[in-house]
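Structure, as structure tokens:
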Amino acid sequence: RSPATGRAQRGAWFTARVRHELEEVAGDRALASGLRVYTTYDPRAQAAAEQEIARQLDAVEAGTFGAYRHPTYPETKGETEEGTTPYLQGAVILMDAGTGEVRALVGGRDYDDSKFDRVFQAERQTGSLFKPFVYLTALEKGMPPTHVVEDAPVRMVLTGGRVWEPKNYTGRFDGPITIREAPTRSKNTVTVRLAEEVGMGDVIANAHTLGISNEISPLPSTSLGAAEVRPVDLAEAYAAFANLGTRVRPHFIRRVETRDGDVLWEAEPQGEEVVDAGTAFVLTSMLQDVVNRGTGTPARSGGYRGPAAGKTGTTNGATHVWFAGYTPELVGVVWMGLDPQRTHI
């Protein structure tokens with residue numbers, strides 16, 4: 001345990017994933033003594049991820065960003081049931097965009113209190129993090145970034161007669177807007193109209209091709225992130241954007257050797273082209289606008305001035321809050337929210 005925080009030693013979730021992956025790649029040899037395991041771990045990145053997510057979670061519970069109405073970590077630590085906790089949780093994955101090597105992993109707030117890995121094991125609604133799959137599909141169908149969609153109220157009658165009327169985050173409608181500008185302002189009504197135009201079936205097919213592993217329902221609300229997705233899958237998908245269309249799989253082990261230095265297993269170079277490079281370039285340019293002058297501008301608050309792209313995401317009632325971002329070298333996904341038995345931050 002860390003003497004500074006009283007929490008589990010640094011990198012606990014990362015170590016747990018290494019053990020899991022070692023069993024997969026080395027089989028019965030995984031438990032053999034004397035194996036040398038070379039991992040993708042970056043201690044500086046891990047420290048930064050753990051410290052920053054803890055700082056932000058503490059700030060939310062302290063009311064820094066507005067009134068917080070739920071149990072806090074100091075009040076309810078130890079009240080975990082079946083891996084879920086009553087207090088605010090967070091998760092982070094940071095990986096090399098080009099190789100899929102995971103540099104840092106935070107699966108929750110306190111490994112000793114809840115070992116449930118919210119990056120690999122949890123499925124959460126994504127909010128606007130799903131929108132790039134819609135815009136990617138539009139670009140693939142030949143729509144230029146200057147393609148105009150009406151930002152106006154949407155009213156849909158769903159199965160059973162239910163009426164669905166999605167709103168924009170600001171509550172305002174701006175009329176005709178290009179599909180380049182819409183993600184920057186996170187326009188919900190534009191995304192819904194565009195998804196209807198290109199077809200939700202093709203949007204979902206793209207999401208699966210990019211790495212989303214779970215089933216997704218072709219409902220209109222899916223275009224706004226109603227589907228539940230694992231954070232690790234989002235990292236894999238956004239890495240393909242950073243790689244100009246090449247998909248890589250997240251992994252934690254580079255090489256496994258016997259005690260005598262014989263290579264038992266080694267990660268092989270990987271990469272599968274799943275999106276046209278030019279299309280991925282245009283989408284990245286659109287997502288750069290999100291970071292440079294849109295809803296993602298707080299990502300610049302740490303002082304980073306290099307090229308970066310990304311998307312923010314917030315579900316109804318702020319149940320889940322996300323950011324997925326990438327540079328040419330790294331991709332990261334951050335989630336904050338309450339475990340399933342709770343409803344709102």
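The values are calculated or read from the model by the stated rules, or taken from the named source; none is laboratory data. Keep in mind the model is a prediction, meaning the values are calculated, not measured. Reconstructed Cβ throughout: ideal geometry from the backbone, glycine too, with neighbour counts over all protein chains shown. These accessible areas exclude ligands, DNA and RNA; they are computed on the full protein's heavy atoms, side chains included. Shrake-Rupley method; radii C 1.70, N 1.55, O 1.52, S 1.80 Å.
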Open item on the list: I want to verify a result. In a Gaussian network model of the chain, Cα cutoff 10 Å, which of these has the top mean-square fluctuation: 137, 159, 314?
Closed with: 159
Open item on the list: With an 8 Å Cα cut-off and a minimum separation of 6 or more residues, compute the relative contact order for the chain in percent.
Closed with: 23 percent
Task: Computed label-point distance, nm, for sites residue 140 and residue 31 using a 7 Å Cα→Cβ extension - done: 4.4 nm
Task: Cα long-axis angle, helix 131-140 against the chain (0 to 90 degrees, to the nearest 10) - done: 70 degrees
- [ ] Enumerate the amide H contacts of residue 251 below 5 Å, restricted to partners 5 or more residues apart or on another chain; note that Pro and chain-start residues carry no placed amide H.
- [x] 101, 102
- [ ] Relative to the longest principal axis of the C-alpha atoms of the chain, give the angle of the C-alpha long axis of helix 12-26, reported between 0 and 90° and rounded to the nearest 10°.
- [x] 80 degrees
Task: Most mobile of 76, 222, 319 in a GNM of the chain (Cα contacts under 10 Å) - done: 76
- [ ] Determine the share of the range 1-88's accessible area contributed by carbon and sulfur atoms, expressed in whole percent, with a 1.4 angstrom probe.
- [x] 49 percent
Task: Heavy atoms of residue 79: accessible area, 1.4 Å probe, square angstrom to 10 - done: 100 Å²
Task: nm² value of the averaged projected area, convex hull over the Cα atoms of the range 271-311 - done: 3.5 nm²
Open item on the list: Considering only C-alpha atoms, what is the centroid distance from the range 295-315 to the range 106-135, in Å?
Closed with: 18 Å
Task: Amide H within-cut-off set for residue 85, under 5 Å, with H built and near neighbours excluded - done: 339
Task: Solvent accessible area, Å² - residue 323, 1.4 Å probe, full protein context - done: 50 Å²
TODO: Calculate the tail of P(r) for the range 1-113: the fraction of all Cα-Cα distances greater than 20 Å, expressed in %.
DONE: 51 percent
TODO: Compare 108, 225, 278 in a GNM of the chain, Cα atoms joined below 10 Å, and give the one with the largest fluctuation.
DONE: 278
Open item on the list: Over the Cα atoms, compute the radius of gyration (one decimal) and Dmax (the largest Cα-Cα distance, rounded to a whole number) for the range 52-180, in Å.
Closed with: 20.2, 54
Task: Largest to smallest principal axis extent of the C-alpha atoms in the range 284-345, angstrom - done: 39, 21, 21
Open item on the list: Can you compute 3J(HN,Hα) from phi for each residue in the range 105-121, using the Karplus curve 6.51 cos²θ - 1.76 cosθ + 1.60 with θ = phi - 60°, rounded to whole Hz and x for Gly and Pro?
Closed with: 8, 10, x, x, 8, 8, 4, 5, 7, 8, 7, 4, 8, 6, 7, 9, 9
